[in-house]
Amino acid sequence: MPLASCKLLLLNQSMTKASTRWQNASVGRIARQAWPYIDKARTTALCRLSRNDCSMVVRSLTGHWLIGTHALRLNAPYNDFCRSCRDEEEEESTEHFFCFCPALSNRRLRTLGKPFLNDLSDLSYLTPRRIARFVQLSNWTPF
């Protein structure tokens, strides 16, 4: 068997195994909704962002930023309610930020194409650059 064929076979097997692990993982609920499968083109686009933008997208899509309950776990200052719409009924969360916050609907429309998203899976169709732009315009710093 030619070496190139061996390499291709190994690559395909490793991608299949990685995809299966990603889809069956019991952790990363937020990230798996926004990035449901391994996508080489989308991953490349993420890696081509500046270091700050890449970090911002990864933090926001994984929920590992100073927002709501995650900030509380880190003993960092946090809000019980959304800092944009100031609705005390709404818990500050990644879902609320990306999908439902009425105060961010105009920014969401300009950058993501819709004033409201159905859920985080709607982010799976967007480029990392558009997601980074929305986070920047929101003034919610994920660091």
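Of the GluC sites (Glu not before Pro) found in segment 32-102, those in coil by DSSP whose Cβ has at most 12 other Cβ atoms within 10 Å are E88, E89. For the chain, the carbon plus sulfur part of the accessible surface works out to 54%, probe radius 1.4 Å.
At 30 angstrom or more along the helix axis (alpha-carbon based) and mean Kyte-Doolittle of -0.5 or higher, what helices does the chain contain? Whole DSSP H runs only.
On the way: long enough: 3-24 (32 Å, -0.18).
The answer, listed by residue number, is 3-24.
Straight Cα distances below 26 angstrom link K7 to the lysines K17, K40, with same-chain residues fewer than 8 positions distant left out. Exposed loop positions in the chain were taken to be trypsin sites (Lys or Arg not before Pro) whose DSSP state is not H, G, I, E or B and which have at most 11 other beta-carbon atoms within 10 angstrom. Between these positions, the longest stretch is 87-143.
Principal axis analysis of the Cα atoms in the chain yields extents of 64, 32, 28 Å, listed in decreasing size. Using only side-chain charges placed at the Cβ, +1 for Lys and Arg and -1 for Asp and Glu, the dipole size of the chain relative to its Cα centre rounds to 920 debye. Evaluating 6.51 cos²θ - 1.76 cosθ + 1.60 at θ = phi - 60° for every residue in segment 64-78, the Karplus couplings come out as 9, 8, 6, 9, x, 5, 5, 5, 4, 4, 8, 6, 9, x, 8 Hz, glycine and proline recorded as x.
The values are calculated or read from the model by the stated rules, or taken from the named source; none is laboratory data. A quick note: this is a predicted structure, and the numbers were derived from the prediction, not measured. Reconstructed Cβ throughout: ideal geometry from the backbone, glycine too, with neighbour counts over all protein chains shown. Side chains are part of the model used for accessible areas, which takes the heavy atoms of the whole protein and leaves out ligands, DNA and RNA. Shrake-Rupley method; radii C 1.70, N 1.55, O 1.52, S 1.80 Å.
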